[in-house]
Amino acid sequence: MTLLTIEGASKRYGQVQALDNISLEVTAGSRTAVVGPSGSGKTTLLRIIAGFEQPDQGRVTLDGELLADGPAAVPAHKRGIGIVSQEGALFPHLDVAGNIGFGIARGATDRDKRVLDLLDMVELDRGMLTRRPHQLSGGQQQRVALARALGREPRLMLLDEPFSALDTGLRENMRKAVARVLQAAGITSILVTHDQAEALSYADQVAVLRDGKLVQAGSPQSLYLAPRDRETALFLGDAVMLPAIIRNGHADCALGHVAVDGQHQGKVEIMLRPEQIRVVTDSSEQPYGGRVVEVDFGGATCTVAVSLDGVALPPILIKTSSVALPSRGDRVRLEIAGKAHVFVR
Ligand SMILES: Nc1ncnc2c1ncn2[C@@H]1O[C@H](COP(=O)(O)OP(=O)(O)OP(=O)(O)O)[C@@H](O)[C@H]1O
Ligand SMILES: [Mg+2]
């Protein structure tokens, strides 16, 4: 069932087209990640959903209720939508207990217990209840902001880069904890992030924004393996791109004959993810071989640069494990697993 529908939403600030005719659907109980470069319109999209901004055109519908139709709108506080903003924005004059308790009805008999439950949910220590926001780290402040938003029992939770202040290990733990909390409470969420790995691992649906436009939306797998264009491919991870000619479902390219997805013919550009390519040391002078020109030892993941025979292309960078790592100067051939993706022009 669809919980949220955005239809043709546009928003302009002076000369800047912050959002350009965006349409997106979010299924009830699901997790959506919105990714895109800085300034692509991610925060604007969340603010329009939350009701802090009105679209110039377009409609926002939540659970069958029309929230915005162009500038006509239901006010933010009546939408039942929680938001944790990029800045956190706690009340500086209230302590942690006061901040978390803010959204819970004054007369509620179990108010204190609910505050404690929320504090536990975001894995903060009870000793922090009497601290003010300025006595907390950035990451702790974000967790208080999340607990405060959860306290209102929203139908939809909007998270605008809530983990960006955390270091890598804590960030991953928090992301998983938040996903668990939201899932347990049955809350649908939209997470904005710069971090492609975070988006791919968090979401059921990833939406890519660029210059205010929705470039592509779909499952993490479909976007990673079949991105619409070069820029989207590179935004979601490393990629090897090669010119190719397609005949009968196979591409002829600098790596030899490679199976491809879709139905295409003629001159195209194909894409492989580096983990689809295996470097095999092979001193025989077979066609489609190459020579290792550089090896970057990176521990668990190493990078090998291979210059292919007889083609005027820059060396191909392949991620590989440190086991059986070739050396600089070695002759190699490249084995391909799975299908290459063909960009549709
Ligand atoms: N209130 C405003 N007034 C004028 N321009 C604005 C306003 N809010 C946003 N913009 C512009 O709209 C565009 C989209 O901004 P937005 O904040 O949505 O980007 P973002 O994708 O969230 O970026 P970031 O990743 O840096 O947070 C930017 O060019 C921004 O400068
Ligand atoms: Mg933003």
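The values are calculated or read from the model by the stated rules, or taken from the named source; none is laboratory data. Computed from a predicted model, the values in this text were never measured in an experiment. FYI the Cβ positions are ideal-geometry reconstructions off the backbone, even for glycines, and counts take in every protein chain you see.
Overview of results
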| read-out | value |
| --- | --- |
| Restricting the stretch 194-212 to residues that are over 21 Å from GLY39 (Cβ atoms) and either touching a Ser or Thr at 6+ places or on another chain (Cβ under 8 Å) or not assigned by TED's automatic domain parsing to the domain that holds GLN17 (or both), the residue that is modelled with the lowest pLDDT | TYR202 |
| Members of the stretch 286-345 that are part of a loop (DSSP other than H, G, I, E, B) and within 25 Å of ASP229 (Cα to Cα) | VAL311, ALA312, LEU313, PRO314, PRO315, ALA337, GLY338, LYS339, PHE343, VAL344, ARG345 |
| Residue match in the stretch 56-63 (condition: within 8 Å of ligand 1 (Cβ to nearest atom), crowded, with 23+ Cβ neighbours inside 10 Å, at pLDDT 95 or above and not in a loop (DSSP other than H, G, I, E, B)) | no |
| Residue list for the stretch 180-209, filter: within 16 Å of ligand 2 (Cβ to nearest atom) and among the acidic types (Asp, Glu) | ASP195, GLU198 |
| Residue satisfying condition, being acidic (Asp, Glu), in contact with a helix residue (DSSP H, G or I) (Cβ under 6 Å, 6 or more places away or on another chain), in a loop (DSSP other than H, G, I, E, B) and within 16 Å of ligand 1 (Cβ to nearest atom), within set GLU87, GLU53 | GLU53 |
| Odd one out for ALA108 among (1) in a helix (DSSP H, G or I); (2) among the small types (Gly, Ala, Ser); (3) out of contact with any Leu (no Cβ under 9 Å at 6 or more places or on another chain) | (1) |
| Pick from the stretch 291-345, criterion of a type in the set (Val, Ile, Thr) and touching a residue at least 60 places away in the same chain (Cβ under 8 Å), ranking: surrounded by the fewest Cβ atoms within 10 Å (Cβ to Cβ) | VAL344 |
| Subset of the stretch 266-277 [in a strand (DSSP E or B) and of a type in the set (Asp, Glu)] | GLU269 |
| Only listed residue being among the acidic types (Asp, Glu) and touching a Gly at 6+ places or on another chain (Cβ under 6 Å), chosen from ASP282, ASP309 | ASP309 |
| Options ALA145, ALA165; residue that is part of a loop (DSSP other than H, G, I, E, B) and within 16 Å of ligand 2 (Cβ to nearest atom) | ALA165 |
| Pairs where the first residue, in the stretch 149-171, is at pLDDT 80 or above and the second is away from ligand 2 (no atom under 14 Å from the Cβ) and in a strand (DSSP E or B), C-beta under 6 Å, 6+ apart | ALA149/GLY82; ARG152/GLY82; PRO154/ILE81; PRO154/GLY82; LEU156/ILE81; LEU156/THR188; MET157/GLY82; MET157/SER189 |
| Subset of the stretch 250-286 that is surrounded by fewer than 19 Cβ atoms within 10 Å (Cβ to Cβ) and of a type in the set (Lys, Arg) - its residue that is modelled with the highest pLDDT | LYS267 |
| Count - residues of the stretch 5-37 that are more than 8 Å from ligand 1 (Cβ to nearest atom) and either aliphatic (A, V, I, L, M) or part of a loop (DSSP other than H, G, I, E, B) (or both) | 12 |
| Filter pass, LEU158 being surrounded by 16 or more Cβ atoms within 10 Å (Cβ to Cβ), more than 16 Å from ligand 1 (Cβ to nearest atom) and not β-branched (Val, Ile, Thr) | no |
| Members of the stretch 82-109 found to be buried (at least 16 other Cβ atoms within 10 Å of the Cβ) and within 16 Å of ligand 2 (Cβ to nearest atom), listed by number | ILE83, VAL84, SER85, GLN86, GLY88 |
| Only listed residue being in contact with an Asp or Glu (Cβ under 6 Å, 6 or more places away or on another chain), among the hydrophobic types (A, V, I, L, M, F, W, C), in contact (Cβ under 8 Å) with a residue 12 or more places away in the chain and within 16 Å of ligand 2 (Cβ to nearest atom), chosen from LEU19, LEU46 | LEU46 |
